[in-house]
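Input: a single structure, listed below in structure tokens.
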Amino acid sequence: MANDSFEIETSDNPLAAVRRAHQASLELAQTLSSERSQALRRMAEALSDYSSDILEANTLDLEASRDMAVPDLLLDWLKLTPERVQGAVNILKCLSDLPDPIRRVINAPFQVEEAQTYCQLMPLGAIALVYEAFPELGAIAAGMCLKTGNSLVLKGSTEASHSNIAIANVLQEALADSQLPDHCLELLPSDTGTSVRELVNQDRYLSLIIPHGRESLVQPIIEKATVPVLRSAIGNCYLYWSPSGSLDLVRSIINDSHQSDPDPVNAIEKVLIHPEQRPSSLLSLWNGLRDKGFTIRGDEALIEEFPDLELELAQPEEWRQAYLTKTIAFKKVESLQEGMLWINQHSSGHADCLVTESYHESCQFSLGVKSASVYINVSPRFARLPKPNHTVYLGMSNRGGYYRGFINLEALTRIKHVIQGHD
């Protein structure tokens, strides 16, 4: 595939693509598991075969973004490497081998007299992914949607336009050779300024919107969408360091949580400490983090206690915001109860941690923190493919509605109740 072929068929009316994807989803729901698995293998092979072309397209995006002074954070998210492309290839291969979740029978919560009652997992329909940078995320989402019998509409950011087109072209060509219906993968042009605003109101054709990126991307979609939104949260995770908790474990968990590549989905950015925590332990932790390139911030109490350290003051609004950089803010709280209350009010609500040796505190934390997931004495580090042939995650949802936590294959399905009378 030559570089000058990085063009994709788009409609003058981007919503025509949404309607095509909706129609394709009706046909896709009837396909066999073997057909979808074969298509996933072809997608993986195509992504691998044309990885050099995709990387060249990504270079164009990076050069244009640097010329436009795009923030370093987005450049990190935008940059593709051979390893990141191979990671997407591995995920597509894994998806092809995983058991098919569609039509899986589960127990029904009720029974109808003189009938057999059961439930089945079914596709949602047409799903839209609105994402900021992260070009490989389009391929991963396409794989997860096809595995679950859903069609997908991609709407990427302008910064990643060449990369997104290259990846979509490769995947669409692979799908053209499969037995799946046409238009089960659509890409909206990134230079259409009104398309996101229009997209999130297409509840007649779309079953779900998944936004992935900074809060400035996600929140407007949540506020304006008439389509159900499954938000994917990034950053602003809290850790409460109990007086009984190990310093070495705290240091290890913080460092490990920032190793997610490329996006710090579950990175710990705020640490709550008890007044009984030893100053020597704090100094040791801060020095170690600074040696690793972290910026340390603190509340007024810590700045007053350690005047010689020149800690930066964390402003009130920062406790609710994700830094999305190697920055950690520390705050003193009087008790675990006060810490849990602060976490429930200020964290992003998708992954928060506790380091303690107390079983009682562990129970309190797991019950009292309202986040989608809690981690006790273990790193919350996120990976889209944690183990080979295990499972695949698109992200972490902190939505307080029908689905929270890891966005896996089951998150892209719905339950159908089947009541079948006896002959």
Which label belongs to the value computed from this structure, given these candidates for volume of the Cα convex hull per residue in Å³: (1) 369; (2) 139; (3) 159? (3)
Give a quick list of trypsin sites (Lys or Arg not before Pro) in the range 203-270 that DSSP marks as loop, anything other than H, G, I, E or B, with at most 10 other Cβ atoms within 10 Å. Arg204
Loop-located chymotrypsin sites (Phe, Trp or Tyr not before Pro) in the range 27-110 whose Cβ has at most 16 other Cβ within 10 Å (DSSP): Phe110
Where is the GNM fluctuation largest for the chain (alpha-carbon springs, 10 angstrom cutoff): Gln179, Gln364, Gln116? Gln116
Simple Cβ-charge dipole of the chain, Lys/Arg +1 and Asp/Glu -1, about Cα centre, in debye nearest 20: 1040
Quote the relative contact order of the chain in percent (integer), defining contacts as alpha-carbon pairs under 8 Å separated by 6+ residues. 19
For the range 237-376, what is the charge dipole size about the Cα centre, in debye to the nearest 20, if Lys and Arg each add +1 at the Cβ and Asp and Glu each add -1 at the Cβ? 260
Suppose every Lys and Arg Cβ carries +1 and every Asp and Glu Cβ carries -1, with no other charges. What dipole size does the range 310-423 come out with about its Cα centre, to the nearest 20 debye? 540
One finds, for Asp97 and Asp177 with R0 = 22 angstrom and r their Cβ-Cβ distance, a FRET efficiency to the nearest 0.05 of 0.65
So how do Val112, Val374 line up by other beta-carbon neighbours within 10 Å, fewest first? Val112, Val374
Scan the range 211-279 for GluC sites (Glu not before Pro) in coil per DSSP, keeping those whose Cβ has at most 11 other Cβ atoms within 10 Å, and list them by number. Glu276
Throw me the Rg/Rh for the range 237-376, computed over C-alpha atoms with Kirkwood Rh, two decimals. 0.92
Based only on other Cβ atoms within 10 Å, what is the fewest-to-most ordering of Thr31, Thr226? Thr226, Thr31
Return the distance in nm (one decimal) between the two label points of a simple spin-label model at Leu217 and Gln337, each offset 7 Å from Cα along Cα→Cβ. 4.2
Cross-link pairs Lys270/Lys331; Lys270/Lys332; Lys292/Lys332; Lys270/Lys292; Lys270/Lys370; Lys292/Lys326 - those with Cα-Cα distance over 19 Å: Lys292/Lys332
Which aspartates and glutamates have a Cα lying under 12 Å from the Cα of Lys147, excluding residues fewer than 8 positions away in the same chain? Glu35, Asp97, Asp100, Glu410
Could you work out how far the C-alpha centroid of the range 147-180 sits from that of the range 241-290, in angstrom? 39
Which residue, chosen from Tyr403, Asn90, Pro211, occupies the Cα position most advanced towards the positive end of the dipole of the chain, where the dipole is computed from +1 (Lys, Arg) and -1 (Asp, Glu) charges on Cβ about the Cα centre? Tyr403
With Kirkwood's inverse mean 1/r over C-alpha pairs for Rh, give me the Rg to Rh ratio of the range 266-338, two decimals please. 0.93
Using a Förster radius of 35 Å, what is the FRET efficiency between Cys363 and Arg278 based on their Cβ-Cβ separation? Nearest 0.05, please. 0.85
Could you please report the charge total around Asn58, scoring K, R as +1 and D, E as -1 over all other residues with beta-carbon less than 12 angstrom from its beta-carbon? -4
Gaussian network model of the chain, Cα within-10 Å springs - most flexible of Glu338, Glu132, Glu305: Glu305
Among Thr295, Leu137, Ala24, whose Cα projects farthest towards the positive end of the dipole of the chain, with charges put on the beta-carbon of Lys, Arg (+1) and Asp, Glu (-1)? Ala24
The distance between the Cα centres of the range 27-81 and the range 399-422, in whole Å, is 28
In a shell of Cβ-Cβ distance under 12 Å around Ser37, excluding Ser37 itself, what net charge do Lys and Arg (+1) and Asp and Glu (-1) give? +2
Selected from Thr158, Thr148, Thr295 as most flexible by GNM, with the chain as the system and alpha-carbon contacts under 10 Å: Thr295
Just the Cα atoms of the range 113-264, one point each, no solvent: what log10 I(q)/I(0) does Debye give at q = 0.13, 0.16, 0.20 Å⁻¹? -0.70, -0.92, -1.24
Can you give me the distance in nm between label points at Glu63 and Asp248, each placed 7 Å from the Cα along the Cα-to-Cβ direction? 5.0
For Arg204, what is the net charge nearby, where nearby means another residue's Cβ is under 15 Å from its Cβ and Lys, Arg count +1, Asp, Glu -1? 0
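All of the numbers you see were taken from the coordinates with simple rules; none came from a lab. Note that the coordinates shown come from a computational prediction; the quantities given were computed from them, not determined experimentally. Because the Cβ atoms are built from the backbone with ideal geometry, glycine has one as well, and the counts that use them run over all protein chains shown.
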